[in-house]
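Colleague: Sharing a structure with you now.
The values are calculated or read from the model by the stated rules, or taken from the named source; none is laboratory data. Small disclaimer: the values here were computed from a predicted structure and weren't measured. Cβ coordinates were reconstructed from backbone atoms using ideal geometry, including for glycine residues, and neighbour counts include every protein chain displayed. All accessible areas refer to the heavy atoms of the entire protein, side chains included, with ligands and DNA or RNA removed. Shrake-Rupley method; radii C 1.70, N 1.55, O 1.52, S 1.80 Å.
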Amino acid sequence: MNHLEHFFCSTSLWQRMTHRVLLPWVLSGARLGDHILEIGAGYGAATGQLLKLVPRVTSLEYDPRLLRRLEAKHQCAALTTVCGDAAALPFADQSFSSVVAILVLHHLKTRELQDRALAEVHRVLRPGGSFFAAEINDGWIHRAAHYKSTFTPVTPGSAFARLTNAGFSKVSVDFRSGGYRISARRAAAEIADEKLTAASATA
């Protein structure tokens, strides 16, 4: 992130916007389950609210400096903080009931890394678990705001195919001025498929 992004994302204004506007929209009608993975926690604008919604939150952040600030800000047993990369999640398969990524995907340097991150999210979700993301539209304003920063826009029209290729079902994209939200699910039917495969292997 550049200096402007660091400044804005650390403000109380962004935290209030995240709590009162962005998260309620992104998670509208969501069943989050008991353990959510927050990818790209940053300065923790969403973390405090997520802790109110689920019993356990694991927050992943690439920048160790931001992670230390996050740990100092939210000290509670329900929160686990991990330094890591969205494209190579350091978690076991089927670890989480839901995953959320707020303005994260466009910070990955290439389309290939984005697709790898989507596949990783699918891997760490339990069958029936959901993925929620918020992204911004491509445009000169957002490109200017990301001057000397990574900005790899995810086009809304590509979301269906890319999430389906990653293994997701029930993909939806909803728009709001300046951006859009994505929701997708790892199919619950995979439970039955996995049990059938295991039974066949032992027969």
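Colleague: Using a 1.4 angstrom probe on heavy atoms only, work out the carbon and sulfur share of the accessible area of the chain in %.
Modeller: Values: 6000 of 10520 Å².
About 57 percent, which is the carbon plus sulfur part of the accessible surface.
Colleague: If each residue of separation counts as 0.36 nm, what is the full-extension length gain between N165 and E71 once their alpha-carbon separation is subtracted? Working shown, then result.
Modeller: Numbers: separation 94, 0.36 × 94 = 33.84 nm, distance 3.49 nm.
Gain on stretching N165 to E71: 30.3 nm.
Colleague: If you build a Gaussian network model of the chain, linking Cα atoms that sit under 10 Å apart, which residue out of T81, T18, T150 swings the most?
Modeller: So, out of T81, T18, T150, the one fluctuating most is T150.
Colleague: Would you mind calculating the relative contact order of the chain from Cα pairs under 8 angstrom and at least 6 residues apart, reporting the percent as a whole number?
Modeller: 19 percent
Colleague: Return the distance in nm (one decimal) between the two label points of a simple spin-label model at F175 and Y147, each offset 7 Å from Cα along Cα→Cβ.
Modeller: 2.9 nm
Colleague: Of all the C-alpha pairs in the chain, what % are more than 23 Å from each other?
Modeller: Working: 8812 of 20503 pairs.
The answer is 43 percent, as a whole percent.
Colleague: Could you give each residue of region 42-50 its phi-based ³J(HN,Hα) in whole Hz, using Karplus coefficients 6.51, -1.76, 1.60 with θ = phi - 60°, and x for Gly or Pro?
Modeller: 3J(HN,Hα) across region 42-50, in whole Hz: x, 7, x, 4, 9, 4, x, 5, 4.
Colleague: Per residue, how much accessible area does the chain show when a 1.4 Å probe rolls over the protein heavy atoms, in square angstrom? Present the calculation step by step, with values, prior to reporting the outcome.
Modeller: Working: 10520 Å² over 203 residues.
Accessible area per residue: 52 Å².
Colleague: Loop-only check: which trypsin sites (Lys or Arg not before Pro) in region 18-81 are DSSP coil with at most 14 other Cβ within 10 angstrom? Could the numbers behind the result be given before it?
Modeller: Numbers: sites: R20, R31, K52, R56, R65, R68, R69, K73; in loops: R31.
Those that pass, being in a loop and sparsely packed, are R31.
Colleague: Moving on to the next point. Using the Karplus equation 6.51 cos²θ - 1.76 cosθ + 1.60 (θ = phi - 60°), what ³J(HN,Hα) coupling, rounded to whole Hz, does each residue of region 78-93 give in order, writing x for Gly and Pro?
Modeller: Going residue by residue, I get 6, 10, 10, 10, 9, 8, x, 10, 4, 8, 8, 5, x, 9, 6, 4 Hz, with x marking Gly and Pro.
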